[in-house]
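This report refers to the structure that appears directly beneath it.
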There are 4 protein chains.
Amino acid sequence: MTERNIHVEPAAARAVEDQHIEIVERKGIGHPDSICDGVAEEVARALARTYLDRFGRLLHFNTDETQLVAGTAAPAFGGGEMLEPIYLLIVGRATKTYEGEKIPAETIALKAAREYLDETFPHLDVGTDIIVDIKLGEGSGDLQDVFGEEGAVPMANDTSYGVGHAPLTETEQIVYNTERQLNTTYAEDNPEIGQDIKVMGKREGDQIDVTVAVAMVDRYIADMEEYKQAVRDVEAYVEDLASEYTDRDVTVYVNTADDYEEGSIYLTTTGTSAEQGDDGSVGRGNRANGLITPNRPMSMEATSGKNPVNHIGKIYNLLSTEIAESVVEDVDGIRQLQMRLLSQIGQPIDHPHVADAQVLTEDGVEIEDIREEIVDTVDDELANVTDITERVIENELSTF
Amino acid sequence: MTERNIHVEPAAARAVEDQHIEIVERKGIGHPDSICDGVAEEVARALARTYLDRFGRLLHFNTDETQLVAGTAAPAFGGGEMLEPIYLLIVGRATKTYEGEKIPAETIALKAAREYLDETFPHLDVGTDIIVDIKLGEGSGDLQDVFGEEGAVPMANDTSYGVGHAPLTETEQIVYNTERQLNTTYAEDNPEIGQDIKVMGKREGDQIDVTVAVAMVDRYIADMEEYKQAVRDVEAYVEDLASEYTDRDVTVYVNTADDYEEGSIYLTTTGTSAEQGDDGSVGRGNRANGLITPNRPMSMEATSGKNPVNHIGKIYNLLSTEIAESVVEDVDGIRQLQMRLLSQIGQPIDHPHVADAQVLTEDGVEIEDIREEIVDTVDDELANVTDITERVIENELSTF
Amino acid sequence: MTERNIHVEPAAARAVEDQHIEIVERKGIGHPDSICDGVAEEVARALARTYLDRFGRLLHFNTDETQLVAGTAAPAFGGGEMLEPIYLLIVGRATKTYEGEKIPAETIALKAAREYLDETFPHLDVGTDIIVDIKLGEGSGDLQDVFGEEGAVPMANDTSYGVGHAPLTETEQIVYNTERQLNTTYAEDNPEIGQDIKVMGKREGDQIDVTVAVAMVDRYIADMEEYKQAVRDVEAYVEDLASEYTDRDVTVYVNTADDYEEGSIYLTTTGTSAEQGDDGSVGRGNRANGLITPNRPMSMEATSGKNPVNHIGKIYNLLSTEIAESVVEDVDGIRQLQMRLLSQIGQPIDHPHVADAQVLTEDGVEIEDIREEIVDTVDDELANVTDITERVIENELSTF
Amino acid sequence: MTERNIHVEPAAARAVEDQHIEIVERKGIGHPDSICDGVAEEVARALARTYLDRFGRLLHFNTDETQLVAGTAAPAFGGGEMLEPIYLLIVGRATKTYEGEKIPAETIALKAAREYLDETFPHLDVGTDIIVDIKLGEGSGDLQDVFGEEGAVPMANDTSYGVGHAPLTETEQIVYNTERQLNTTYAEDNPEIGQDIKVMGKREGDQIDVTVAVAMVDRYIADMEEYKQAVRDVEAYVEDLASEYTDRDVTVYVNTADDYEEGSIYLTTTGTSAEQGDDGSVGRGNRANGLITPNRPMSMEATSGKNPVNHIGKIYNLLSTEIAESVVEDVDGIRQLQMRLLSQIGQPIDHPHVADAQVLTEDGVEIEDIREEIVDTVDDELANVTDITERVIENELSTF
């Protein structure tokens, strides 16, 4: 039995899998919003590691505000060039002095951002194709006090909440894995696809449409024929991939905005639309679970870039997803589980004001049969909430 | 009978008013995120008016990316001062040449932003306390073609969706009106309250907690006693106001993070936390209806700053709320209505791919009794979709 | 007799008035370089006043680095418009904390810059036509110690020098007064001339050519005829003015780069070439006496923006000109005097390492006859060196 | 006999070598002003090469306005770190479209700047320790027309002038070579000296004082003893070096502002004072011949960053020095020669309005004896003026 305030109740809504229309979206790692999420989170990790290394504890910071201003490019078959650089402004707060010691927060952040961009975007020459600038102020004094004693469970920085769910619907799985597989396995053998891959899944009844926009990289594409082939290859790959996750009818569309006759195609020099006309910022794209799911409750909070100690907008979004996944894995008979964690400012984060599990059971299973198991799993996860902090710092948890 | 694809079906979920826990939030116009929303939208309106005045039609633009970097301030009873200015970067795309004529997009945007800030923030000396900078590129060529012929209904710029609902729950009404009334009626007689007012409503069963954070303006507050009185005054005012919207028990908390003993209170020089430590950006705060409502489906799209002609992320979020309100007003017997509009890229925006009304009827009313009325109202509203564009430009529709 | 190291010797060179070719230039207050000089100096004055008001003494600062990036404009007869704003970056160092008290150096600087621009450029809408940004760091710790005790004569911050001369040659007087009169008396009745007036004087023997470039303001000029008339008016005015200073032959050229047939004329919307294509920065234009005089020794040091307490690059350039003028006024028989002051870092500024007067006497006067008088005057001026500081702060001394 | 307007006349002044006081200064390549000069010139070269490669001719550009804002550093024996990055803003004008083709002026400039910084400053991590930003506009339309036909001699862009002299005095040689040798030969074996080396030479009669400020690099210096040794080593090296250029008495001072007792020494992490407190910009330091020589006429024009085709402020400053050196080398009997070239806007640059050689002959030599030789050499050099353009582009001519 737990002292934590854990509620388990039947879901207020039909299972998403049963709703007539379902929409799911994922912005790939090269989308301008995701570039910002990625940089913000990498910067946060670098700051966290620095504070731990130097002081044995995390200090206040929040870097969840990177802004990207698109550049100008002249892509061309066989290889074009960037004309005007992308501008990336890292914005946020960090502790720069602690117990008399200076902390190089800005240079650490810049280094982290550059290394992340270098690794993630092989066709983006950092410093030439993209300018990385920074404005990292110090926080307001008050906030610095919220961090608890070493070893103690931190206090919530805000009255806020996080939401998560499990398992993913078929459409969610397809959308998520389409981007992930294209940007890893497929990209290894197909350097012509850029990192800016946007996937939209729409299910109407049992018909799933998967619309994929892939920024093709000009240096690997000699002419229009090769471009068309590259598009067809992605199409075929995604069709195959989708069939692993569903028996429903799937139609795949790739780069539908192309107009071959006008010569208007999705060709880029760097692999991202940030090179020309698409601005971006943190927290405007994927939620903490990597998806945008309008059929589900979502949190507006940006997860990327926040400090992983006590920032509810980060911790509870990551944790609620973790909990949902654990419960579904550990407890039989659950068709859909939605987890919500509500914090109270100033209270220990392992004791949410409410932990709220909305459950749809499989046919023949009653909630009462499994309530206790669910509560126990939720309780265990909450007891280990600080693991989230560590895993974020170790880069074991993605935030977008 | 309509040729539009309008679905009316029973809601998949319990009415929000019946759910055990409900959370509602509103970031007031002086919150750093709202400052960005407000500037972005004002800039968009100014650009729209310019294009209309000069060419009789809207041209491509999108200014939904303003970034705010907090300043540093030294508030003090009786009047403090800003030490380092807030930095506001207006980011976006705009057409700068049309039919051989140059359009001063950047100077128009700067002027609009300054005027908005001047009007909205009486204690913020624009140019001294806040630097307004701008990076407004031109869009990618492709996007410019989407705008239809003059007079014709524009085509959707994306496959996307909008969501809206009506009526507001009691908690939603309280949260929304608390900020609106404080920032208008109450502020008239109480200059000590700043524009940065954040309201969080939490309902558990029949207990509603309203937590209000109000940035107090130092020049109107002589000492700690006056500060405490100002807090108590807001508390009393909100208690009164809340009772107009509900018979439930309401508890009001104001500036709960204050610590009088430590002298740590929410005192500002300019009326916004942007003066010290709180960054902000567009699309991170309120949704198009002015609220953050995690119990409801929400769109991740930033509404503010987008062009109001064919940007689904703007039009359909505003329109779905308009439709929901119209239907609830026109058709008797509806307890809760949630409207969703799904677009298809390249199709006329008055013909959404699906218009989806999820209805909870009042006791004794069957959906079938009112289905036709609902469809007719939805159909009428869709037929007049371009009114949304005009009303946005005329500043008759708020976007945050 | 003085303990100061004051040398008086015959000039090493022919009088400039006697040299065959003489070149003199003045960049008017609206020239992009002068805009930067003016802002830098105004910012310095504002900081100086602040330190004096708050602490009764000056603290370390140096703001001699403002950078202007030109905008884009579309001037047109009757009134054009700015398309992209000028960008002005105030750069420098200032003390931001003193004895535990915070000093709002950045907001003070911004306010001073805006007010200066507002007053000086009636057709420039500050905040719309020009963005004023700032990066004001703190100095290195060492520098802060150089400031002496209150009341004491400050120590030189560097081993450096200043140069000045008197009287002005005829060409120098013409060049200087042409800009000064055009930008004051003439401008009162002729609003069509902008502040960006550049004057180049070239004397070959007894022929003086005065080349004036005047940015005309489009809103006051209806067509090409009016433009031509405006040019002719300036020409006539300068011819008249020049004749007050010389009996030599003077030819005046105005806006010689114009090409009426191509329609290429010097028309501006704001009155300065900074609106289109001409960048600027501090210390690149006029020397401390308001002129560029390649026939004379000049100091490379920027005078504008430096602190007026102990910065030799400022004090000694202003003072050497003051001394030269005093000596020439007080002592009869001097045809040309060039003053040079050489400092030694860490020594009191009223005791230069060397004060070096190079004198050309009038016919019939021997240096020995007036040496003592000269030394006395120089000595007096040096004894009152701190007057320079006060007069700079009181805006009684121009620095460019 | 030449048709060019070449004047040869006796100097109006005593030889600088004979004047009682002589002051000479050189800011080394790592001085903040020189960093800007170096970047500006490198950017100019890269743009020039690009235009030549792509169009076979130079197009309009001018990048003589780089601005550096100092960072913040925490140097420490054995190796410190940068806390806040230096900010470098490249400013200027460049042609971005020519005959319908886009030119990536900004990315080319950024790449050139980074490569220059990487090569020149081994201890500066570009992108981390220094942010390189850019604002490169297009010029005003008029200016673009000045560039002549291919092959033809370009027309002067302005009525301006250049000055140069030869030979260098002993003090000039010492000052110049001290920095050059320290930053090359000496640095090879002594990595502890940074690139920011400032040399001031002051000669009074036959006593020469050489004051050297060398930024020491912390990672190579373990403690105060090693620091003192490093200072003494530089002292000894410069004493040796100076004796190669003069028989006069030379006293060398190194890092005189150090205060060992206070622990206030010139220790840096990156080798330049730009890391902490010293801002910089183009054209504020060395003249085109690498020196600041207040005993000589100087041009105020920034040489670095200007286009080398027709910009008189660049061409004539470089050329007049070249001519002076050639004449002194080719013609016997010259003790000091000062060359001045005066242009006339719109006239071919190989035909200056006046080329003016002021000559001091050696004892026993009359000007008339060598006048013709001088005129011939000057004439030859003027005839080959376009070589200057090529040599600038090939990086064979230093501009600062």
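The values are calculated or read from the model by the stated rules, or taken from the named source; none is laboratory data. Only a predicted model underlies this, so the values are computations on that prediction, with no experimental measurement involved. A quick note on method: Cβ atoms are made from the backbone with ideal geometry, for glycine too, and the neighbour counts reach across all protein chains shown. Note: accessible area is taken over every heavy atom of the protein model, side chains too, but ligands, DNA and RNA are not part of it. Shrake-Rupley method; radii C 1.70, N 1.55, O 1.52, S 1.80 Å.
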| note | Between the alpha carbon centres of segment D:96-119 and segment C:230-283 the gap in Å comes to 34
| said: Which residue in chain D puts its Cβ closest to the axis that rotates chain D onto chain B, and at what distance in whole Å? | reply: D:K135, 5
| field | Residues in segment C:163-201 that a label on C:D249 would reach, taking backbone N under 14 Å of a point 7 Å out along Cα→Cβ | value | none
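Using a Förster radius of 56 Å, what is the FRET efficiency between B:E226 and C:A152 based on their Cβ-Cβ separation? Nearest 0.05, please.
On the way: r = 45 Å, r/R0 = 0.80.
The computed FRET efficiency comes out at 0.80.
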| Accessible area of chain C divided out per residue, in Å², using a probe of 1.4 angstrom | 35
| task | Compute the label-point distances linking A:G263 to its equivalents in the other copies; points lie 7 Å from Cα along Cα→Cβ; give nm, one decimal, shortest first. | result | 3.0, 6.8, 7.0
| Which distances in nm, rounded to one decimal and ordered from shortest, link the label point of D:E366 to the equivalent label points in the other identical copies, with labels set 7 Å from Cα toward Cβ? | 3.3, 12.9, 13.0
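For the protein assembly as shown, report the translational diffusion coefficient in µm²/s to the nearest whole number, using Stokes-Einstein at 25 °C, 0.890 mPa s, and a Kirkwood Rh over Cα pairs.
Values: Rh = 35.6 Å.
Calculated translational D: 69 µm²/s.
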| segment D:1-155: relative contact order as a whole-number percent, Cα under 8 Å and 6+ apart | 21
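Mind checking A:105-111 for the average number of partner chain beta-carbons within 10 Å of each residue's beta-carbon?
Values: counts 2, 8, 14, 4, 2, 9, 5.
Mean inter-chain Cβ contacts per residue within 10 Å come to 6.
Let me check against my output: what whole-number percent is the relative contact order of chain C, with C-alpha pairs under 8 Å and at least 6 apart? It would help to have the intermediate numbers written out before the result.
On the way: 919 pairs, mean separation 114.6, N = 400.
Worked out over chain C, it gives 29 percent.
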| In percent, what relative contact order does segment B:269-400 have, based on Cα pairs under 8 Å that are 6 or more apart in sequence? | 27
| task | Go through B:N286, B:G271, B:L241 and say which Cα lies farthest out towards the positive end of the charge dipole of segment B:236-287; charges sit on Cβ, +1 for Lys and Arg, -1 for Asp and Glu. | result | B:N286
| Can you give the three extents of the C-alpha atoms in segment B:210-276 along their principal axes, from longest to shortest, in whole Å? | 37, 25, 19
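Helix-only estimate, please: 222 nm mean residue ellipticity of chain C, summing -39500 (n - 2.57) across DSSP H runs of length 4 or more and dividing by its residues, to the nearest 500.
Working: 7 runs with 116 residues, N = 400.
Computed mean residue ellipticity for chain C: -9500 deg cm²/dmol.
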| If you place +1 on the Cβ of every Lys and Arg and -1 on the Cβ of every Asp and Glu, how big does the dipole about the Cα centre of segment A:32-141 come out, in debye to the nearest 20? | 520
| remark: Filtered hits (aspartates and glutamates, Cα-Cα < 19 Å from B:K228, offset >= 8 within chain) -> A:D142, B:D189, B:E192, B:D196, B:D218, B:E239, B:D240, B:D258, B:D259, B:E261, B:E262
| query | Projected onto the charge dipole of segment C:32-141 (+1 at Lys/Arg Cβ, -1 at Asp/Glu Cβ, origin at the Cα centre), which of C:A76, C:T95, C:G56 gives the Cα projection farthest towards the positive end? | reply | C:G56
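When the dipole is taken about the Cα centre of the protein assembly as shown, and only Lys, Arg (+1) and Asp, Glu (-1) are charged at their Cβ, what size is it in debye, to the nearest 20?
Numbers: 124 positive and 324 negative charges, 2 e Å.
Rounded to the nearest 20 debye, it is 20 debye.
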| field | Distances in nm from B:K228 to the matching label points in the other copies, shortest first (labels 7 Å along Cα to Cβ) | value | 6.2, 8.0, 8.1
| Where in segment A:1-83 are there trypsin sites (Lys or Arg not before Pro) that are in a DSSP coil and have at most 15 other Cβ atoms within 10 angstrom of their Cβ? | A:R4, A:R57
| Roughly what % antiparallel, to the nearest 5, for the DSSP beta bridges in segment D:32-141? | 55
| note | Taking protein heavy atoms only, a 1.4 Å probe, and rounding to whole percent, the accessible area of chain D owed to carbon and sulfur comes out at 41
| note | Computed about the Cα centre, the charge dipole of segment C:246-319 from +1 Lys/Arg and -1 Asp/Glu charges at the Cβ has a magnitude in debye, to the nearest 20, of 820
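Which of the GluC sites (Glu not before Pro) found in segment B:62-126 are loop residues per DSSP with 13 or fewer other Cβ atoms within 10 Å of their Cβ?
Working: sites: B:E65, B:E81, B:E99, B:E101, B:E106, B:E115, B:E119; in loops: B:E65, B:E99.
Passing both the DSSP loop test and the Cβ count: B:E99.
With Rg and the Kirkwood Rh both taken from Cα atoms, where does Rg over Rh land for chain C? Mind dumping the intermediate values first?
Details: Rg = 22.3 Å, Rh = 22.3 Å.
Over the Cα atoms of chain C, Rg/Rh equals 1.00.
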| note | Filtering GluC sites (Glu not before Pro) in segment A:218-255 by DSSP loop and by at most 15 other Cβ atoms within 10 Å leaves A:E244
| field | Prolate/oblate/rounded label for segment C:32-141 (Cα gyration tensor, a/c 1.5) | value | prolate
| request: List the accessible area buried at the contact between B and C, summed over both sides and calculated with a 1.4 Å probe, in Å² to the nearest 100. | output: 2000
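Apply the a/c threshold of 1.5 to the C-alpha gyration tensor of segment C:296-400 and tell me whether it is rounded, prolate or oblate.
Details: a/c = 1.95, a/b = 1.81, b/c = 1.08.
Verdict is prolate for segment C:296-400.
So in the protein assembly as shown, what percent of DSSP beta bridges are antiparallel if you round to the nearest 5?
Values: 186 of 274 bridges.
Antiparallel: roughly 70 percent of the beta bridges in the protein assembly as shown.
If you take every DSSP beta bridge fully contained in segment A:195-305, what fraction is antiparallel? Give it as a percent rounded to 5.
On the way: 9 of 17 bridges.
Beta bridges within segment A:195-305, antiparallel portion: roughly 55 percent.
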